[in-house]
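Here the structure comes first, spelled out in structure tokens, and everything after it is commentary.
The values are calculated or read from the model by the stated rules, or taken from the named source; none is laboratory data. From a predicted model like this one, the values you see are computed outputs, not experimental measurements. Backbone-built Cβ (ideal geometry, glycine too); neighbour counts: all protein chains shown. The protein model used for the area step is the full one, side chains on, heavy atoms only, and it has no ligands, DNA or RNA in it. Shrake-Rupley method; radii C 1.70, N 1.55, O 1.52, S 1.80 Å.
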Amino acid sequence: MAETAGTDAEPTIETHADLVAAEDVLLFVNAAVTSTGQREFRSEAYAQQLSLSFLHEYVRVNYRSVYAAALALDINDHNAARIMEQLLRTAGEAGEASDAQKRTEGRLIAARLAVLPPQRVYRLFRTLRAAKVNNRRTRAILRDWLAARPDLGLDAVKYRSGLKTAVRHAHLPFGEGEFGGGEFGDFLFRPGRRVRYEHAFLDAYRRAHFEQVAVYDLPFTVAEGFAAKHGIPRGVFLERIAPRMTRLERLRTQRAGTKTDLSVMPLTRLALYVLSLEMAERVRRRAELTGALRAAALRAAGPYAGTWGRVSAVLDDSYSASGSGVKRRRPLAVALGCHFLLEALAGSYRAHWTSGAADPLLVRPWGPTPLGTRILDALEDSPDRLVIVSDGWDNAPPGLAGEVLRVWRTRLDRDRETSVVHVNPVYDADGFDVRRLAPSVPTAGIRDAEDLAALVEIAQFAEGRTGLAELQAYLDRRTDRFLDRRHQDRHHQDRHLEGAR
């Protein structure tokens, strides 16, 4: 899950410019992890977008290789797509780069595209078409991604508009060779030409216009529209379409009647689901919800479960953890997910919620943020690690958390026996970074609780004592590991397809 951030290389003398460069890069990584350009509790969407746009352009122009290497990190999909768009738009800027760097850039784009949700990839292709970006590298990447899709028939039905745009933009010979028989081309560009299709999804889509039973042979999101057209009762539709739903689709419709196994859900998604329930339901389903959260946390911890020693956490459940209208309860869900993940990682663990709550299943966003007081409580536990999960707005009283951490680090724990790290789920658009509590405490942005261990690793670079060379070496290792993993996945996929033929 996480590799050691330090290296065995001899220490290098860092210049002031190196330290500034490393700080610039970490600013960008924190922004790319946390910000999606959407409204936050304390800033509007336009401020988030403006701030994020500046950072993308600044880092791309000044540190292009680092900008591309960010695709190998745990940044969110919004920024990954944006980095790929910028790299493809500005291919000319890479003119002075070595051939090896250009190849690495192309491999990173292809590898990241392979793990992006397909709807986001098609959105990226639409953006490139609108911007008239149609260079040879773009066409090759687009062609290879489509050729690797497991079922183009599913894409033709589910992402019809996006697939049409991509095919037109790259001038692909759709319906020929690697892109299947002619019926794909007919389905997309000449609907009505055929009376039936060989591919099951294409034919189900044709029949669903006049035949109710065909609706249940389609993907859930496509079938929903046909169900409404035929006037099928919602309960009947959900019960019959359940076998075709994905895990997340089942989770979204759980309260409408469908059942799903919560124990296989991702940790942060599950935390969001728990927080959306009424208190009475959380109490009634306590055993089920707690068991599911602990199972998800153990999966995220992997082989590192129980290896972190004594851990104390300060978790922010103040009113600002309610997030915004488009990111409802996201900061609180990250804190709740981190609580269960730290419980799994630690040998012994104590949690300190800012509200004083003792039952994590019943937390809700309310009240001020007495971070300083809770940090004092946590330090009294004498932990090996102190993890703070907060948006960094310490207001009861203001500034106490920073002062407590400064005195602790400079007077009481000079030997750094206690490791302190702050992870922040909210991007501060005005500061071009996540808000920090104290200069002596490393801070990293976080979007999903599952990424906590890897982000703690990156946060070590944020103490201002390492320069660009060491950070670049770390990014190179992450890039190699990411590309190797994607190569192995592709190899296994090819072998699976050959075996299926």
| task | For the chain, evaluate the Debye formula with one uniform point scatterer on each Cα (no solvent term) and list log10 I(q)/I(0) at q = 0.05 Å⁻¹, rounded to two decimals. | result | -0.22
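How big is D for region 317-390, in µm² s⁻¹ as a whole number, if Stokes-Einstein is applied with the Kirkwood radius of its Cα pairs at 37 °C and 0.692 mPa s? Each step should come with its number before you reach the end.
Details: Rh = 12.8 Å.
Diffusion coefficient, whole number: 256 µm²/s.
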| said: Step by step: find N for region 349-471, compute 2.2 N^0.38 Å, then divide the Cα radius of gyration by it. What's the final number? | reply: 1.05
| note | FRET efficiency for residue 200 and residue 149 from the Cβ-Cβ distance with R0 = 25 Å, rounded to 0.05, comes out at 0.95
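At a 1.4 Å probe radius, which order do 209, 422 fall into by accessible area, largest first? List each step's numbers first, then the result.
On the way: 209 80, 422 0 Å².
My answer, sorted largest first, is 209, 422.
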| note | With all protein chains present and a 1.4 Å probe, the order of 426, 215 from largest accessible area down is 426, 215
| remark: Note to self: C-alpha centroids of region 181-233 and region 274-333 sit apart, in Å, by 40 Å
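Loop-only chymotrypsin sites (Phe, Trp or Tyr not before Pro) in region 202-259, please: DSSP not H, G, I, E or B, and at most 16 other Cβ atoms within 10 Å. List each step's numbers first, then the result.
On the way: sites: 205, 210, 216, 220, 226, 237; in loops: 210.
Counting only loop positions with at most 16 other Cβ atoms within 10 Å, the chymotrypsin sites (Phe, Trp or Tyr not before Pro) in region 202-259 are 210.
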| request: Normalise the Debye intensity by I(0) for region 11-74, one equal point scatterer per Cα, no solvent, then take log10 at q = 0.17, 0.20, 0.30 Å⁻¹ and round to two decimals. | output: -0.64, -0.82, -1.27
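Please identify every one of the trypsin sites (Lys or Arg not before Pro) in region 234-322 that sits in a loop by DSSP and has no more than 12 other beta carbons within 10 Å of its own beta carbon.
On the way: sites: 234, 240, 244, 247, 250, 252, 255, 259, 269, 282, 284, 285, 286, 294, 299, 310; in loops: 259, 285.
Here the sparse-neighbourhood loop sites are 259.
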| note | With all protein chains in place and a 1.4 Å probe, residue 184 shows an accessible area in Å² (nearest 10) of 20 Å²
| request: Whole number in Å², please: accessible area per residue of region 17-63, 1.4 Å probe, ligands, DNA and RNA not counted. | output: 43 Å²
| field | Where Rh is the Kirkwood radius over Cα pairs, Rg/Rh for region 249-397 | value | 0.97
| residue 103-residue 484 FRET efficiency (beta carbon distance; Förster radius 22 Å; 0.05 resolution) | 0.90
| field | Sparse-neighbourhood loop sites, GluC sites (Glu not before Pro) in region 225-286 - DSSP loop, at most 15 other Cβ within 10 angstrom | value | 278
| task | Round to the nearest 10 and give me the degree value, 0 to 90, for the angle of helix 330-345's Cα axis relative to the longest principal axis of the chain. | result | 70 degrees
| said: Tell me the mean residue ellipticity at 222 nm calculated for the chain from its helices only (DSSP H runs of n ≥ 4, each -39500 (n - 2.57), averaged over every residue, nearest 500). | reply: -16000 deg cm²/dmol
| Contour minus end-to-end for residue 49 and residue 377, with contour as 0.36 nm per residue of separation and end-to-end as the Cα-Cα distance? | 114.3 nm
| So what's the angle, to the nearest 10 degrees on a 0 to 90 scale, between helix 118-130 and the longest Cα principal axis of the chain? | 80 degrees
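Using the crude model of +1 on Lys and Arg Cβ and -1 on Asp and Glu Cβ, and no other charge, please compute the dipole size for region 277-338 relative to its Cα centre, in debye to 20. Don't skip to the end; give the middle numbers.
Details: 11 positive and 5 negative charges, 25 e Å.
The calculation lands at about 120 debye.
Where does region 204-301 land on the Kirkwood hydrodynamic radius, alpha-carbon pairs, in angstrom?
On the way: mean 1/r = 0.0672 Å⁻¹.
Result for region 204-301, one decimal place: 14.9 Å.
Please state, rounded to one decimal and in Å, the Kirkwood hydrodynamic radius that region 122-171 gives when every pair of distinct Cα atoms enters the mean of 1/r. List each step's numbers first, then the result.
On the way: mean 1/r = 0.0918 Å⁻¹.
Taking the inverse mean of 1/r over all distinct Cα pairs, region 122-171 comes out at 10.9 Å.
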| task | Be a star and scan region 113-147 for residues whose amide nitrogen sits under 15 Å from the point 7 Å along the Cα-to-Cβ vector of residue 252. | result | 117-120
| request: Using R₀ = 56 Å, calculate the FRET efficiency as 1/(1 + (r/R₀)^6) where r is the Cβ-Cβ separation of residue 168 and residue 42; round to 0.05. | output: 0.85
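Hey, which of these cross-link pairs are over 27 Å Cα-Cα: 132/229; 158/229; 132/164; 132/327; 229/327? Walk me through the intermediate numbers first.
On the way: 132/229 37 Å; 158/229 17 Å; 132/164 16 Å; 132/327 32 Å; 229/327 31 Å.
Where the Cα-Cα span goes over 27 Å, the pairs concerned are 132/229; 132/327; 229/327.
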| Stretchable slack from residue 412 to residue 119, in nm (0.36 nm times residue separation minus alpha-carbon distance) | 100.3 nm
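Eigenvalues of the Cα gyration tensor times 5, then square-rooted: what semi-axes does that give for region 409-460, in whole angstrom, largest first?
Details: eigenvalues 95, 45, 9 Å².
Each semi-axis is √(5λ); the values are 22, 15, 7 Å.
Relative to the Cα centre, what is the charge dipole magnitude of the chain, using +1 at the beta carbon of each Lys and Arg, -1 at the beta carbon of each Asp and Glu, and rounding to the nearest 20 debye? Mind showing how you got there, number by number?
Working: 72 positive and 64 negative charges, 504 e Å.
In total the dipole reaches around 2420 debye.
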| request: Taking 7 Å along the Cα-to-C-beta vector as the label spot, tell me the residue 473-residue 403 distance in nanometres, rounded to one decimal. | output: 4.0 nm
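Test of understanding: what is the full-extension gain from residue 239 to residue 15, defined as 0.36 nm times their sequence separation minus their Cα-Cα distance? Walk me through the numbers on the way to the answer.
Working: separation 224, 0.36 × 224 = 80.64 nm, distance 6.41 nm.
Extra length from residue 239 to residue 15 when fully extended: 74.2 nm.
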